[in-house]
Amino acid sequence: MNTSHRSWLPLLPLLAACAGAPVAPAGPAFRSAGQALPAPSALADAAEQAKLSDTTVQTRLADAARDAGNADAARSGWRNAGNGLLALGATRSPWRLVYQAAGARLLQQAGDHEAAAAAAQRLLADPEADAESRAVGARTRAAALNQLATAEIKAGRLEPLSNASADKRKGKELRPRPPADTWRRLLEADDAYVKVHRADPEPGAENAAGAAYQAGLIEYSHDNMEEAARRLWEVVEQFPSSRVLPDAIGLWLQTFLVRGDTAGHAAALDRAAAAVQGEARRVAAAPAAPEAKARGEQLARLSEQLQREKEGLGFAAGSRLLAEGKGKEAAVALEAMEGTDETIRRAGRIAGPGTAVVKVSKPRQDLRFDVPVVGEGTLEAMREAGSKVLALDAGRTLVIDRQAFLARADEDGVAVFGLEPAQAKGRE
């Protein structure tokens, strides 16, 4: 995962692409900011028509300057056109909200990110803005502050965000601190957009998921792990179908590891796995949905990754016990984590065909309540693992349906041995 700052909002449409669009049918007193700009010729007010024509020409000239490689002239033209539209947005024109949104986008395109963010905030707070207009304003403000952060990082004035894992931190002590001012403002803008995204005429859910994830990343980067964990899990719960789900889960799990909360991390793995499985079932139930196949494959990979990480917990526990000279306890720890059959399968994945399975009771195991058991499921796991030898604790192991078990073992070519107490004395 890239640890540098990444913008989650797409670049907004150019004014030139909107100019000349047909006038929308009559509606409320003020047109929603999500609508396209009107064609100047469609306006009844001559002064408004002339001003909109001027901004349209300025925008086209700025686009031509950009295409010719004259960036300074392009930015100047976009800035002038944007300010012209904002002036129209200050009138009582029915299109005033549309002008405000388009003006803010042009200032953003000109690189005036502060001015763009301020204009978008005015739209968001406009008492006559409808829900859609507020959503457009919130999205535009977040996009402008996103670009401001990128510009400040490039200029060396702002520290980039980092998602450094617990391994990369190498035990470095956490230093919780308030986010730098630009990151704080962006976090607040992300929050504001998430609250109103459902009214956004653009794909609001995906944009909101990216905004919510970015807010969590900001807190994580500033070592505010509890707040980061809260925000990242909200992404998992509220936006399970978003493209940022794997990143959100991965970073959420890291919030436990960097705090040294191994028990919390283990529980979090189970919660994450359950969430992914739930989303996978939802996708599988609608196979004809767009991108269902690709989404299903992504979720399958994520589920496998979580399972490997869960297995890694058992390996870590077993390794610690082995390092302490507690071999029997290490074996018990690994098996207890996942059960006999899955332990056999995992051994096959790790060591390959030819592994031998030894099933004995634990040290001082009370056979009145807990008896080692094998059955055809054990043989099925051995077949998958490529295991051909099974050694059992003679007189202390329950074989389910003994005759069928032995017949299946012969069929699979598995040699079954009984270990006498002297042979299995290592369990004591």
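The values are calculated or read from the model by the stated rules, or taken from the named source; none is laboratory data. Given the structure is predicted, the values throughout are model-derived calculations rather than measurements. Here the Cβ positions follow ideal geometry from the backbone for every residue, glycine too, while neighbour counts run over all protein chains shown. Note: accessible area is taken over every heavy atom of the protein model, side chains too, but ligands, DNA and RNA are not part of it. Shrake-Rupley method; radii C 1.70, N 1.55, O 1.52, S 1.80 Å.
Only one entry of Arg231, Arg243 meets the criterion of being within 16 Å of Ala275 (Cα to Cα), of a type in the set (Lys, Arg) and crowded, with 22+ Cβ neighbours inside 10 Å, and that entry is Arg231. Within the range 152-173, being part of a helix (DSSP H, G or I) and either of a type in the set (D, E, K, R) or open to solvent by 60 Å² or more (accessible area, probe 1.4 Å) (or both) holds for Glu152, Lys154, Asp167, Lys168, Arg169. Tell me which residues, restricted to the range 50-85, are open to solvent by 70 Å² or more (accessible area, probe 1.4 Å) and of a type outside the set (Lys, Arg). Result: Asp54, Val57, Leu61, Asp67, Ala68, Asn70, Asp72, Asn80, Asn83. Can you tell me which residues in the range 371-394 are touching a strand residue (DSSP E or B) at 6+ places or on another chain (Cβ under 8 Å) and either in a loop (DSSP other than H, G, I, E, B) or aromatic (Phe, Trp, Tyr) (or both)? The answer is Val371, Pro372, Gly375, Ser387, Lys388, Ala394. Just to be sure before I move on: is Pro178 open to solvent by 70 Å² or more (accessible area, probe 1.4 Å), assigned to a loop (DSSP other than H, G, I, E, B) and touching a Lys or Arg at 6+ places or on another chain (Cβ under 8 Å) in the structure I sent? Yes; evaluated as a whole, the condition is true for this residue.
The residues in the range 91-105 that are under 30 Å from the mean Cα position of the chain (by Cα) and among the hydrophobic types (A, V, I, L, M, F, W, C) can be counted, and the count is 2. Among the residues examined, Leu269 does not qualify as under 14 Å from the mean Cα position of the chain (by Cα) and either more than 23 Å from Glu173 (Cα to Cα) or modelled with pLDDT under 95 (or both). Candidates Ala280, Ala333: the one that is at pLDDT below 65 and surrounded by 18 or more Cβ atoms within 10 Å (Cβ to Cβ) is Ala333. Taken over the range 94-123, the criterion of being open to solvent by less than 10 Å² (accessible area, probe 1.4 Å) and either within 18 Å of Thr55 (Cα to Cα) or in a loop (DSSP other than H, G, I, E, B) (or both) is satisfied by Leu97, Val98, Tyr99, Ala101, Ala102, Gly103, Ala104, Leu106, Leu107, Ala110, Ala116, Ala119.
Could you tell me whether Arg141 is open to solvent by 10 Å² or more (accessible area, probe 1.4 Å), in contact (Cβ under 8 Å) with a residue 60 or more places away in the chain, part of a helix (DSSP H, G or I) and under 17 Å from His197 (Cα atoms)?
Values: open to solvent by 10 Å² or more (accessible area, probe 1.4 Å): yes; in contact (Cβ under 8 Å) with a residue 60 or more places away in the chain: no; part of a helix (DSSP H, G or I): yes; under 17 Å from His197 (Cα atoms): yes.
No; evaluated as a whole, the condition is false for this residue.
Total residues in the range 246-277 satisfying the condition of being more than 18 Å from Ser162 (Cα to Cα), assigned to a helix (DSSP H, G or I) and not small (Gly, Ala, Ser): the figure is 7.
Scan the range 195-222 for residues that are of a type in the set (A, V, I, L, M, F, W, C) and either open to solvent by less than 30 Å² (accessible area, probe 1.4 Å) or touching a residue at least 60 places away in the same chain (Cβ under 8 Å) (or both) and jot them down.
Those that are of a type in the set (A, V, I, L, M, F, W, C) and either open to solvent by less than 30 Å² (accessible area, probe 1.4 Å) or touching a residue at least 60 places away in the same chain (Cβ under 8 Å) (or both): Val196, Ala199, Ala208, Ala209, Ala211, Ala212, Ala215, Leu217, Ile218.
All of (1) touching a residue at least 40 places away in the same chain (Cβ under 8 Å); (2) of a type outside the set (D, E, K, R); (3) under 27 Å from Val258 (Cα atoms) hold for Gly171 with one exception: (1).
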